[in-house]
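**Student:** Just passing along the structure, written as structure tokens.
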Number of protein chains: 2
Amino acid sequence: MSTSSDSNGIEEGLSFRPTFDAAGLVTCVATDVATSEVLMVAHMNEEALRKTIASGEAWYYSRSRKSLWRKGETSGHVQRVVEMRTDCDQDAIWIRVEQVGAACHTGRHSCFYRKVEGGEWLSFVDADKVFDPEAVYRK
Amino acid sequence: MSTSSDSNGIEEGLSFRPTFDAAGLVTCVATDVATSEVLMVAHMNEEALRKTIASGEAWYYSRSRKSLWRKGETSGHVQRVVEMRTDCDQDAIWIRVEQVGAACHTGRHSCFYRKVEGGEWLSFVDADKVFDPEAVYRK
């Protein structure tokens, strides 16, 4: 818990050395640069992180589909990365993005459109759909 | 990818049913209610989530120490939860908190005190330490 244990410079150094977990992933939080709202939490593998840095647009790794995924590939709702940060132990990434359209596949601007009330129930903070997922994903 | 597949109401329902991963955890993002800054990314198991809701202060589960952890237990730097949200598939939690002192064990207000520059290097966005970790953690 002390910086004196930071012998390899992960916490205080200026070298970017992301720490991937056993599955080869880091957690990534995307926030809206305009509203500061948390848009989504997803994962990146090394390739997704590299492509995000190279292209300036967010790429993720889908754990359910087990594949690399360019955000907005199907919907056009890309995320342009304005700033990327890492945390103290370099196992999480925070990207501040310009969100085209909406971040959530349900059509809402953010995936966090419901708040927890009293521990068991949810209420909609933002029920409005920016797009119609049926039309966009053509299922 | 469509809401039509939301047959169990996870995405559109009003019942809070957090989806814990194989290790029994959900990812939690804490942001500062005053500045909207991302303070930290951590994990909660069912007990940590329950204690957070019951107490109104953040509890986490430490993967490295394999134990429940009340944020601020040692340092006094507790997080008072103003709002809790969940995401579309209910496997991530976003808490907006009043942060007492600083969130990061290195002494910075946020764990995300460095930004990624050009893919390989980091620069300090906020190098200032709110507290001296050597003194607080007495190592």
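Laboratory data are not the source of any read-out in this text; all were calculated from the coordinates shown. All values reported here derive from a predicted model rather than from experimental measurement. Glycine gets a Cβ as well: all are built from the backbone with ideal geometry, and neighbour counts include every protein chain shown.
**Student:** If you only keep lysine pairs separated by 8 or more in sequence, or across chains, how many in the protein assembly as shown come under 19 Å at the Cα atoms?
**Tutor:** Taking the Cα cut-off of 19 Å, the pair count is 14.
**Student:** Same structure, new question: Arranged from highest to lowest average of other beta-carbon atoms within 10 Å per residue, in what order do the peptides A:112-120, B:103-111 appear?
**Tutor:** Values: A:112-120: 17.4, B:103-111: 23.8.
Peptide ranking by packing, descending: B:103-111, A:112-120.
**Student:** Where the centroid of each part is defined by its Cα atoms, how far is the stretch B:74-139 from the stretch A:14-37 in Å?
**Tutor:** The two parts, judged by their Cα centres, are 14 Å apart.
**Student:** In degrees, nearest 10, range 0 to 90: what is the angle between the Cα axis of helix B:46-55 and the longest Cα principal axis of chain B?
**Tutor:** Roughly 70 degrees between the two axes.
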